[in-house]
Amino acid sequence: MIKPWNEWDLDALAAHTRLVGFDLDNTLANSKLPMKPQMASRFAELTRRIPVAVITGGRYSLVVSQILDVLEDRAILANLHLMPTSGTRYLRWNGHEWSCVFSHDLDADQRARAAASLERHAREQGLWFEHVWGERIEDRGSQITFSVLGQQAPLEAKQAFDPTGELKERLARAVADDLPDLKVHAGGYTSVDVAGRGIDKAFAIRELAACTGIQVADIVFVGDRMTPGGNDYPAAEAGAMGVAVSCPADTIRFVDGLLERLPEWHPEQSPRQA
């Protein structure tokens, strides 16, 4: 089930939820930027109430710069589950550092074929622009991501570029024909991702449930792209409770409502990494 953040019965939701998961860009933080202090404070407090997961298409280094580097010391890191590159990697705090539970990396041949196909079809379809913001094709190990406007493009440019999603969907279909052994899907506002077959946020939610022992139906997932074709939609398709937001301000309001209803609890707290 998917509802906008302000249409959920928060009393019922809080009573039923055992883990809260979040998308990152444009949900917890503006694209590629750190969480703002008001979000970082609430995020830290939420880890003191309930297990929290971050499932993002971005690589781990962005999770560090956007979340971990600005997270308040009172956050309970042992209550935090990190799943970058659409859940192809899963990291947990072991009391001293973030350790990798699993990583489903592509092999060298798969990564090379994906990058070559993305560039060729982008050029053919007029989507290989002379001036972009940052890197176009990013090798994330477990995922190859093509960003039409570049990895560092401003949010306003991304949102205005392909509002219907038609251009990136056309590119994804062409690349998928070249890579039958891989999964190709339109990711964010201007991106196309290539990963192992069956890898998306539905996979991540199911893996998270298996690793934690929490039923998928007891997981809330909050994201800004919760409509069919959006990269957060598969989490709800897998059976999680989908909370649709349009920006971090919506997420703050939703989290405030949860914090009013979730009691603080005190698991053994591991020391925060220096």
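The values are calculated or read from the model by the stated rules, or taken from the named source; none is laboratory data. In this text, all values refer to a predicted model and were calculated from it rather than measured experimentally. Don't worry about glycine lacking a Cβ; one is built from the backbone with ideal geometry, like all the others, and counts go over all protein chains shown. Only protein heavy atoms, including side chains, enter the accessible area calculation; ligands, DNA and RNA are left aside. Shrake-Rupley method; radii C 1.70, N 1.55, O 1.52, S 1.80 Å.
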Given the criteria open to solvent by less than 30 Å² (accessible area, probe 1.4 Å) and either among the β-branched types (Val, Ile, Thr) or on the phi > 0 side of the Ramachandran plot (or both), does residue 145 qualify?
yes
So, first residue assigned by the TED database to the domain that holds residue 219 in the range 16-32, second residue open to solvent by 10 Å² or more (accessible area, probe 1.4 Å) and part of a strand (DSSP E or B), Cβ within less than 6 Å, six or more apart or across chains; the pairs are 31/25
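Okay, residues lined up against (1) touching a His at 6+ places or on another chain (Cβ under 9 Å); (2) among the β-branched types (Val, Ile, Thr):
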residue	(1), (2)
166	no, no
185	no, no
208	yes, no
212	yes, yes
223	no, no
230	no, no
253	no, no
Which of the following residues is in the same structural domain as residue 17 (by the TED database), of a type in the set (D, E, K, R) and open to solvent by less than 20 Å² (accessible area, probe 1.4 Å): 232, 256?
232
Answer with yes or no whether residue 62 is over 21 Å from residue 243 (Cα atoms), assigned by the TED database to the domain that holds residue 221, within 15 Å of the chain's Cα centre (by Cα) and modelled with pLDDT under 95.
yes
The range 207-219, subset in contact with a helix residue (DSSP H, G or I) (Cβ under 7 Å, 6 or more places away or on another chain) and at pLDDT 95 or above, residue surrounded by the most Cβ atoms within 10 Å (Cβ to Cβ)
219
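Suppose we filter the range 30-46 for residues that are at pLDDT 95 or above and either under 21 Å from residue 201 (Cα atoms) or open to solvent by 60 Å² or more (accessible area, probe 1.4 Å) (or both); how many remain?
Selection size over the range 30-46: 6.
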